[in-house]
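Working notes, beginning with the structure itself.
The values are calculated or read from the model by the stated rules, or taken from the named source; none is laboratory data. In this text, all values refer to a predicted model and were calculated from it rather than measured experimentally. Glycine gets a Cβ as well: all are built from the backbone with ideal geometry, and neighbour counts include every protein chain shown.
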Amino acid sequence: MKNFLASSKGIILSGLVVGLIAPLLQFLGNPPNMGICVACFERDFAGALGLHHAAVVQYMRPEIIGIVIGAFLISLLKKENISRGGSSPLIRFALGMFAMIGALVFLGCPWRAILRLAGGDLNAVFGILGLTTGIFIASLFLNNGFSLGRAYKSEHKTGWIFPSFMIVLFLLFIFKVKFAEQGAIFFSSKGPGAMHVNPWIGLVAAIIFGMILQRSRFCTMGAIRDLFIIKDSHLLKGVVTMLVSATIFNLIAGQFNLGLENQPIAHSNILWNFLGMVLSGLAFALAGGCPGRQLILAGEGDNDSAVFVLGMFAGAAVAHNFSLASSPKGITTFAPYAVILGIIFCIIIGFTMRKKFN
Amino acid sequence: MENNTIDARGLSCPQPLIMAVDALKKYPSFTILVDNEVSKENIIRVMKDKYGIEVQLKNDGEEYALAIAK
């Protein structure tokens, strides 16, 4: 077999690895039901850079860096590291931004939605339903010829820029460089941003993640999308395995707490948990991958995915600076407007970006 | 090479896959060009699992020409 991890057993193995490492990271210090949440961790990352000033969520998560580095290294080794880009970058930036805004209304990316459910948080059910709805709408666009246009390979190593940024940022982070007394790099002293594993553990775990997921093409959005588009359950096997293994781990480790109320870093507004994730699901599916997958692709040399990730950083800044991000107290006054605006944006993109194929 | 050649280079999944499945409805045989490993894997896997078709991988390297026949 050329690529074992891309096989049926391989995708299940990937789900198992994610489903065990993520709650293990929670056990070792990461925030509850947030072993690896790409949206939350990119939000913390944006905070560490000072893109927003929510003091409780500022930490340059080494997990984000590790996923990119892991994918970068394995793709080099397997000769799949190909610098490419040029497929509607600004639209991808905007999709990343809105995806993050939606995710921060719900409080989690698709990975965290699964991890929350695995921790017994039933609010996640509404998030996952929203995600599925958003992906379903995007599938209709995809089946009708939606395309952001083709990418082109670069003759130069342009795909190395993003992983290089990550390495530089890791050095600044690990040496805790302070550029000014009140300046970056910021570290939360309390709140979720202050809850973290040893940075080296986070980095190494994420490098393993990045390597395995690059090989298996694990994608939570793709899992649902492929069901709608071609009734293919290949990727779904990985996601289901992740949910089952994380639930079992949480039950054994005493991290399982079934219910709707008083769940960690979550709120119980059913409607906006649902609609926040409708927006995210739409944006992820139109952009071609869940946030974890986008990080992997950015590591492989896909500049369009790197732009999507930067859009997510910007979205985190917008969500906190404009007070759109939810807190355990619930959603904010302006969150519904932002979510609706985002959904309208995605629908316009879905209708207009069509290509007639021969 | 058949007359029916579909160019899906530069596109990432699911688009090449959708194009392949659509083409399968239209043509008895066709060739689809892709330039990434993931799309190649996906098309080969879905054609085999869903349609029982063994895809012929025509040329290896940076780009792939996948010959598909019912």
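Any chance region A:49-60 includes a residue that's part of a helix (DSSP H, G or I), at pLDDT 95 or above and either farther than 30 Å from residue A:348 by Cβ or more than 14 Å from chain B (Cβ to nearest Cβ) (or both)? No, the conditions are met nowhere in region A:49-60.
Name the single residue, out of those in region B:26-66 being of a type in the set (Gly, Ala, Ser) and surrounded by fewer than 17 Cβ atoms within 10 Å (Cβ to Cβ), that is farthest from residue B:8 (Cα to Cα). Show your work before the answer.
Initially, region B:26-66 is screened for residues of a type in the set (Gly, Ala, Ser), giving B:29, B:39, B:52, B:61, B:65.
From the residues that got through so far, the ones that are surrounded by fewer than 17 Cβ atoms within 10 Å (Cβ to Cβ) too are B:29, B:52, B:61, B:65.
Numbers: B:29: 16, B:52: 22, B:61: 16, B:65: 10 Å.
Looking at residues that are of a type in the set (Gly, Ala, Ser) and surrounded by fewer than 17 Cβ atoms within 10 Å (Cβ to Cβ), I get B:52.
Counting only residues that are more than 10 Å from chain A (Cβ to nearest Cβ) and under 26 Å from residue A:75 (Cα atoms), region B:26-43 holds 6 of them. Restricting to region B:17-70, count the residues that are part of a strand (DSSP E or B) and among the small types (Gly, Ala, Ser). Of the residues in region B:17-70, 4 are part of a strand (DSSP E or B) and among the small types (Gly, Ala, Ser).
All conditions but one from (1) closer than 14 Å to residue A:30 by Cβ; (2) surrounded by 18 or more Cβ atoms within 10 Å (Cβ to Cβ) apply to residue A:173; the one that does not is (1).
Could you grab me the full set of residues in region A:22-48 that are among the aliphatic types (A, V, I, L, M), surrounded by 24 or more Cβ atoms within 10 Å (Cβ to Cβ) and assigned to a helix (DSSP H, G or I)?
A:22, A:38, A:39, A:46
Selection within region A:229-242: residues that are surrounded by fewer than 19 Cβ atoms within 10 Å (Cβ to Cβ) and over 28 Å from residue A:77 (Cα atoms). The member of this set that is modelled with the lowest pLDDT is A:231. Of the residues making up region A:5-44, just one is touching a helix residue (DSSP H, G or I) at 6+ places or on another chain (Cβ under 8 Å) and without any contact (Cβ under 8 Å) to a residue 60 or more places away in the chain, namely A:41.
On the basis of being closer than 26 Å to residue A:154 by Cβ, small (Gly, Ala, Ser) and at the interface with another protein chain (Cβ under 10 Å from one of its Cβ atoms), does residue B:23 make the cut? Criteria not met by residue B:23. The residue that is nearest to residue A:153 (Cα to Cα), among those in region B:26-51 that are acidic (Asp, Glu) and in contact with an Asp or Glu (Cβ under 6 Å, 6 or more places away or on another chain), is B:35.
Only a single criterion out of (1) under 21 Å from residue A:242 (Cβ atoms); (2) in a loop (DSSP other than H, G, I, E, B) is not satisfied by residue A:185, namely (1). Take the residues in region A:8-21 that are surrounded by fewer than 24 Cβ atoms within 10 Å (Cβ to Cβ) and out of contact with any His (no Cβ under 9 Å at 6 or more places or on another chain), then tell me which one is nearest to the other protein chains (Cβ to nearest Cβ). Filtering region A:8-21 for residues that are surrounded by fewer than 24 Cβ atoms within 10 Å (Cβ to Cβ) and out of contact with any His (no Cβ under 9 Å at 6 or more places or on another chain), the one nearest to the other protein chains (Cβ to nearest Cβ) comes out as A:10. Among the residues of region A:222-273, those identified as aliphatic (A, V, I, L, M), more than 14 Å from every other protein chain (Cβ to nearest Cβ) and assigned to a helix (DSSP H, G or I) are A:239, A:240, A:242, A:243, A:244, A:246, A:248, A:251, A:252, A:253, A:270, A:271.
Restricted to helices (runs of 4 or more DSSP H) entirely inside region A:88-154, no element has at least 3 residues that are out of contact with any helix residue (DSSP H, G or I) (no Cβ under 7 Å at 6 or more places or on another chain).
Give the residues of region B:1-16 that are over 9 Å from the mean Cα position of the chain (by Cα) and either part of a helix (DSSP H, G or I) or more than 11 Å from chain A (Cβ to nearest Cβ) (or both), sorted by residue number.
Correct list: B:1, B:2, B:3, B:15.
The residue of region A:197-221 that is farthest from the other protein chains (Cβ to nearest Cβ), among those that are surrounded by fewer than 24 Cβ atoms within 10 Å (Cβ to Cβ) and assigned to a loop (DSSP other than H, G, I, E, B), is A:198.
Only one of the listed residues (A:353, A:312) is of a type outside the set (Gly, Ala, Ser) and closer than 21 Å to residue A:228 by Cα. That residue is A:353. Quick check on residue A:294: is it part of a helix (DSSP H, G or I), over 25 Å from residue A:126 (Cβ atoms), polar (S, T, N, Q) and within 14 Å of chain B (Cβ to nearest Cβ)? No; evaluated as a whole, the condition is false for this residue. Within region A:79-121, can you find the residues that are of a type in the set (Asp, Glu) and surrounded by fewer than 24 Cβ atoms within 10 Å (Cβ to Cβ)? Result: A:80, single match.
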